[in-house]
Structures are given as structure tokens and as C-alpha cells.
Amino acid sequence: MMNEPSVICLAMKKLLEEQEMIEKFGPGLQFVCSLPVYDTIPFTLHDCTLQKPFSAHYQCIKTPYFRLEKIDMDTCCATLTLLEPVDMEGNPVEDCEELYSLKKTKSCIIVNINCFCTITPLPPKLVNKPLPIIEPKK
């Protein structure tokens, strides 16, 4: 007898379905102006026991921001791409107060989603958001 997927696992499955929809249908829309086209719903995961956001390390920075690549509903294990948080100047940041954009990385991790209590989705427009052009003071 197979166990039913957990609520968090079902929520992640729904997140992946919606992410695939925006990735697939965004560029094909003729009458809806949705530029730029998004392909990622960034999110954070919260640890059940520590009651704080889960973070992974990428190079020399710690990031709590992820992109869901795939999920195995039998094991509830998910492959996540790490998203690098940067400030308005494109520098890596750890403080969410300074977060301006999330940059995709080539680093992935596999996690058991059942180890987490909540998912907090973030606006897709944060991913690869162009940095502002800052004019030098005269």
C-alpha cells in the first residue's frame, strides 16, 4: 500500500505545474502583453523543527531561494536550482532587506520536501530582474 503524498508535496507539485504553464504559454500569447516572459516561480522553504527558512550554500554565499526543477511524487524528493540573491548593484547579499533580484545558478540540490512545513512563493519578476542603470553624480 502506497502512502498518500503529503500536503507540502502536493503544494510543490502544483507549484511545478504553474511554473511549467507560465514557461510554456507566456511566449505564445498574442493579445496578452506579459513581457518579460517568466519561467520560474521562486520560493523559500521553512524547516519544521528550526522554524526558519532553509538555506543552501552556493560558492561563498548562503541562499534560501530556489527554483523547482522536478519532483518525484513517490518519494517526495525534489530537485531544486539555487537562486543567488543580489542587490541593486548585482552584488551577492544574504540580508533579504537588500534583495533586488534573484540570479539563476547551475547549482542544484535534492531535498525531501516532507522535511519542510511551508513554501513561500515569491514574484516571478524577481528572477533575472535587470539591474537599474545608476547615473554617476555630477
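The values are calculated or read from the model by the stated rules, or taken from the named source; none is laboratory data. What you see is a predicted model; the values in this text were computed from it and never measured. Every residue, glycine as well, gets a Cβ built from its backbone with ideal geometry; the counts of neighbours run over all protein chains shown.
Looking at region 114-135, is at least one residue among the hydrophobic types (A, V, I, L, M, F, W, C) and touching a Gly at 6+ places or on another chain (Cβ under 6 Å)? The answer is yes, given that some residue of region 114-135 is among the hydrophobic types (A, V, I, L, M, F, W, C) and touching a Gly at 6+ places or on another chain (Cβ under 6 Å). Taken residue by residue, region 95-115 has no member that is part of a loop (DSSP other than H, G, I, E, B), within 15 Å of ALA11 (Cα to Cα) and not β-branched (Val, Ile, Thr).
For region 78-92, which residues satisfy the criterion of being free of Cβ contacts under 8 Å to residues at least 60 places away in the same chain and either within 16 Å of the chain's Cα centre (by Cα) or part of a strand (DSSP E or B) (or both)? Scanning region 78-92 gives THR79, LEU80, THR81, LEU82, LEU83, GLU84, PRO85, VAL86, PRO92. Of the numbered criteria (1) loosely packed, with under 13 Cβ neighbours inside 10 Å; (2) closer than 22 Å to VAL7 by Cα; (3) among the charged types (D, E, K, R), the one GLU97 fails is (2). Within region 101-138, the set of residues being more than 20 Å from LEU50 (Cβ to Cβ) and either of a type in the set (Val, Ile, Thr) or over 14 Å from the mean Cα position of the chain (by Cα) (or both) comprises THR105, VAL127, PRO130, LEU131, PRO132, ILE133, ILE134, GLU135, PRO136, LYS137, LYS138. Every condition in (1) in a strand (DSSP E or B); (2) at pLDDT 90 or above; (3) more than 12 Å from the chain's Cα centre (by Cα) holds for HIS57 except the one numbered (2).
Within region 121-128, not a single residue is at pLDDT below 95 and over 14 Å from THR40 (Cβ atoms). Just checking, which of THR120, THR75, THR40 is under 19 Å from LEU15 (Cα atoms), in a loop (DSSP other than H, G, I, E, B) and touching a strand residue (DSSP E or B) at 6+ places or on another chain (Cβ under 7 Å)? Sole residue among the options that is under 19 Å from LEU15 (Cα atoms), in a loop (DSSP other than H, G, I, E, B) and touching a strand residue (DSSP E or B) at 6+ places or on another chain (Cβ under 7 Å): THR40.
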